[in-house]
Amino acid sequence: MTAELVRGQNHPLSQSRLEIRISAGTPVAAAAALGDENGRIHGTEWVAHPGAPVQPGLEVSRQAAADHRLAVDLDAMTDAVHRVSVLLALPAANAGAGPARFGSVAAPFVAVTGLDGIEVASYTITGLDLESAVVALELYRRQGVWKVRAVGQGYAGGLAELFADQGLSEAAQLAAGIDEAVAKGLARSVQAPPPRTPEGDRSRQAAAPAVGPDQGAAPQGAPGPVPPAYGGQPAGGHGQGGPQPAYGSATDPHAPSGGPVNYSHPRRQTSAPPPPPPAAPPAQPGQPARPVAGDATGWSMEERLYNQVWGMFEDLARTAAAYRSAVDFAESRMDKELEQALSDPRSRIGGQGDAAREAARARYTQLVDQARASLDRDLDQLVAESEVVEPALPPAFARWDNPCWHAYRVPMEIPMALRLGDLRLPEAESIRIPMLLRLPLERGLWIDSGRTDSLDGSFTDSHDMRRLAMDTAVAHAARLLAVYPAGEFTVHVVDPAGSGAQALAPLTQTGVLAGPPAQGAAGVTEVLARLTQRVDLVQMALRGGAPDALPPGFDTSQQLLIVNDFPHGFDDRAVNQLRYLVDEGPSVGVHLMMVADREESAGYGPLLDPLWRSLLRLTAVPDDHLADPWVGHAWTYEPPSVPPGSEVLRQVLTQVAEARRTGNR
């Protein structure tokens with residue numbers, strides 16, 4: 001039975017290998033500090049954190065997330081270690097983004113479990129307010145016995161104050177290093193889906209339930225307000241919130257003043273509920289249910305498919321995490337058994353030692369085989385689900401080789417999300433998870449044109465990499481143009497040296513660009529000045545409470561700026577304007593897509609580090625640099641590719657251009 005602890009309460013631990021599971025209402029950074037019998041930390045090497053996630057007997061997550069699993073092996077601790085403190089911190093507390101105190105988010109929940117997943121003790125950290133870092137609980141050794149104690153000690157000064165309180169002289173430096181590592185982790189994390197109301201929560205059949213709190217991490221893309229003048233869907237659009245009961249009114253004594261009283265019954269439906277998801281055909285006895293496309297909940301088939309894809313993504317992440325954890329346990333157990341066999345002098349002579357080693361290896365193989373069998377069973381189900389989901393995806397979610405593009409028509413509404421490529425794990429090479437990014441865009445995109453070590457060992461020179469990166473950017477821009485209604489998405493291109501002319505041909509020849517690609521320093525200055533002025537005008541209108549008070553003829557469509565060969569053609573003023581667009585543009589409908597090699601801007605030093613971190617890095621060749629928002633696996637990203645010889649890109653863009661001309665008449 002699980003011991004539900006309160007602050008200060010302890011509970012004995014009967015196992016040495018444990019998992020510490022953390023759930024929070026927002027992404028948090030998790031760390032673990034080793035202490036002596038007095039609880040003092042003797043140096044930075046006594047702390048496992050995202051920048052140094054592995055210490056003897058400890059492994060923590062490499063990035064901030066709302067859901068963590070920390071691995072602890074108490075037998076692997078040195079004799080000098082008497083205490084293991086589990087630490088949580090809000091990564092954005094010092095960055096001006098996201099929640100800055102635990103009092104504004106849901107109470108974090110921490111559980112100590114065995115490797116079988118059975119909870120030993122749990123603790124909900126309540127009573128926090130201004131604190132941005134907290135010692136959640138501690139494992140401590142008393143008279144040779146390990147116990148867990150609920151602590152819940154918070155620090156308004158963050159990790160620096162926490163480490164200083166535990167006697168670490170390098171507290172400020174370590175806290176800064178952790179913030180740096182967390183910022184890098186957030187920059188590479190795949191954006192989690194936004195939070196949902198109960199009517200829109202994902203409920204998958206034959207799949208592990210989602211852990212909801214991380215579905216809306218502030219730094220990871222919970223949609224912000226979009227002015228109505230820009231045609232962007234509000235957060236929770238497409239029926240996500242479901243019908244809202246008409247209850248109370250602006251003149252209700254418990255509500256703000258103004259507006260007529262609404263006498264509708266609070267529980268009476270004002271619109272029809274969504275139809276039930278498709279029912280799976282009956283399965284054979286003893287066989288898993290056959291998957292169907294759209295079996296997640298939602299108010300439209302598009303939303304159901306979106307939720308189903310995210311469910312597959314989460315299921316594969318957690319399935320792989322369980323397999324890796326089982327393999328790690330098997331290796332640790334084998335090493336321990338081999339060490340015990342070799343430490344006995346009697347086993348070194350004769351066949352007794354050989355027998356012990358063979359037995360240890362046999363047990364290792366048995367455990368790994370069991371874990372692989374469980375993984376294969378889950379993968380078979382996911383493969384079957386992928387085979388029915390992929391053909392059913394709408395154009396915004398589909399690959400370029402999907403037949404749905406042959407029946408493409410310019411849409412009348414903005415879709416929920418956009419496909420940017422595919423994600424896969426080495427344990428599941430046969431499964432490709434669509435990488436869906438929520439619309440409207442909340443982060444800019446960076447197509448890395450620098451040299452990347454290909455996963456298959458092949459070499460791509462710098463010239464080919466630049467060409468591939470620009471082709472990838474054009475494919476992304478074409479899809480954005482294709483999924484927005486006619487005239488509601490405008491694309492600008494800055495190509496100072498004209499090196500991207502060949503790749504840009506599908507955009508320039510079909511006439512979907514707002515104007516010819518800007519070239520030279522003068523072209524860069526003109527485009528950046530125009531878009532910067534646009535951001536200023538919209539911000540002033542919104543802050544003044546008059547979003548409609550914009551100049552006559554003002555283009556209210558979403559704007560995308562594609563920048564090629566940065567920083568060529570950029571002076572210091574242009575660089576500052578670009579940073580301004582990255583920071584302020586998305587909230588008012590101005591988005592950025594960079595095609596650049598970061599090494600070429602190394603002369604700016606750390607000045608541009610915030611720029612690169614604020615962009616979602618994508619590559620033109622497969623690369624394992626992205627992380628999921630649940631357990632932080634390194635996923636291999638595969639960019640979208642148009643089938644060789646296919647004219648689908650030009651055909652789609654031609655229809656977009658024709659719809660614009662027709663709509664402007």
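Counting only protein heavy atoms and using a 1.4 Å probe, what share of the accessible area of segment 1-87 belongs to carbon plus sulfur, as a whole percent?
Numbers: 1580 of 3510 Å².
Result for segment 1-87: 45 percent of the exposed heavy-atom area is carbon or sulfur.
For segment 563-613, compute Rh as the Kirkwood radius over C-alpha pairs and then the Stokes-Einstein diffusion coefficient at 25 °C and 0.890 mPa s; write the answer in µm²/s, rounded to an integer.
Details: Rh = 11.4 Å.
Taking Rh from Cα pairs, D becomes 215 µm²/s.
Hey, with R₀ at 45 Å, roughly what FRET efficiency would Ser300 and Asn38 work out to, going by the Cβ-Cβ distance, to 0.05? The partial results should precede the final answer.
Working: r = 60 Å, r/R0 = 1.32.
Result of the calculation: an efficiency of 0.15.
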Problem - Where labels lie 7 Å past Cα in the beta-carbon direction, separation of Glu647 and Ser374 in nm - result: 5.4 nm
Problem - Probe 1.4 Å, protein heavy atoms only - accessible area per residue of segment 563-665 in square angstrom - result: 41 Å²
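How big is segment 5-113 by the Kirkwood estimate over distinct Cα pairs, in Å?
14.7 Å
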Problem - Under 11 Å, Cβ to Cβ, from Gln63 - net charge with Lys/Arg +1 and Asp/Glu -1 - result: +2
Handout entry: Volume per residue of the C-alpha convex hull in segment 512-665, rounded to whole Å³
Key = 185 Å³
Exercise for the section: Using only the alpha carbon atoms of segment 452-546, find the Kirkwood hydrodynamic radius as the inverse mean reciprocal pair distance, in angstroms to one decimal. Expected result: 15.7 Å
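For Arg357 and Arg451, what does the FRET efficiency come to when R0 = 41 Å and r is the distance between their Cβ atoms, rounded to the nearest 0.05?
Once rounded, the FRET efficiency stands at 0.40.
To two decimal places, what compactness ratio does segment 289-336 give when its Cα radius of gyration is scaled by 2.2 N^0.38 Å? Each step should come with its number before you reach the end.
Values: Rg = 16.8 Å, N = 48, 2.2 N^0.38 = 9.6 Å.
Normalised Rg, Cα atoms only: 1.75.
At R0 = 56 Å, how high is the FRET efficiency between Glu526 and Glu429 if r is their beta carbon distance? Nearest 0.05 is fine.
On the way: r = 48 Å, r/R0 = 0.85.
Rounded to the nearest 0.05, the efficiency is 0.75.
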Handout entry: For segment 359-486, fraction of C-alpha pairs farther apart than 20 Å, in %
Key = 61 percent
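Roughly speaking, to the nearest percent, how much of segment 542-637's 1.4 Å accessible area is carbon and sulfur?
Working: 1810 of 3660 Å².
With neighbouring chains kept in place, the figure for segment 542-637 is 50 percent.
Could the peptides 366-378, 591-603 be put in order, highest first, of the mean number of other beta-carbon atoms found within 10 Å of their residues?
Numbers: 366-378: 14.4, 591-603: 18.5.
Peptide ranking by packing, descending: 591-603, 366-378.
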Handout entry: Rough spin-label spacing in nm, given labels placed 7 Å along Cα→Cβ, for Glu45 and Glu658
Key = 7.0 nm
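Taking segment 24-87, which GluC sites (Glu not before Pro) meet the DSSP loop condition and have no more than 12 other C-beta atoms within 10 Å? Intermediate results must be reported in sequence, preceding the final value.
Numbers: sites: Glu37, Glu45, Glu59; in loops: Glu37.
Taking segment 24-87 and a limit of 12 other Cβ atoms within 10 Å, the loop GluC sites (Glu not before Pro) found are Glu37.
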Practice task
Using 0.36 nm per residue of separation minus the Cα-Cα distance, give me the extension gain between Val383 and Phe554 in nm, one decimal.
Solution key: 56.7 nm
Exercise for the section: Starting from the amide H of Ala64, placed 1.01 Å from N in the peptide plane, find each other amide H under 5 Å away whose residue is 5 or more places distant or on another chain. Expected result: Leu186
Problem - DSSP-loop chymotrypsin sites (Phe, Trp or Tyr not before Pro) across segment 103-170, with at most 15 other Cβ within 10 angstrom - result: none
Handout entry: Environment charge at Ala428 (Cβ cut-off 11 Å; Lys +1, Arg +1, Asp -1, Glu -1)
Key = -4
Exercise for the section: For segment 595-649, build the charge dipole from Cβ charges (+1 Lys, Arg; -1 Asp, Glu) around the Cα centre, then report which of Val642, Leu626, Leu611 sits farthest towards its positive end. Expected result: Leu611
Practice task
Please identify which residues in segment 493-521 have an amide N closer than 16 Å to a label point set 7 Å out from the Cα of Asp461, following the Cα→Cβ vector.
Solution key: none
Fill in the blank from the handout: Label model pair His406, Glu584: point-to-point distance (7 angstrom along the Cα→beta-carbon line) in nm is 4.9 nm
Problem - Accessible area of segment 1-105 divided out per residue, in Å², using a probe of 1.4 angstrom - result: 41 Å²
Exercise for the section: Just subtract the alpha-carbon distance of Glu4 and Leu542 from 0.36 nm times their residue separation and send over the number in nm, one decimal. Expected result: 188.9 nm
Handout entry: Per residue accessible area in Å² of segment 110-182, where ligands, DNA and RNA are left out and the probe is 1.4 Å
Key = 39 Å²
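The values are calculated or read from the model by the stated rules, or taken from the named source; none is laboratory data. It should be emphasised that the depicted structure is a prediction, and the values quoted were computed from it without experimental measurement. We place every Cβ from the backbone using ideal geometry, glycine too, and count neighbours over all the protein chains shown. Please note that ligands, DNA and RNA were not included when accessible areas were found on the heavy atoms of the full protein model with its side chains. Shrake-Rupley method; radii C 1.70, N 1.55, O 1.52, S 1.80 Å.
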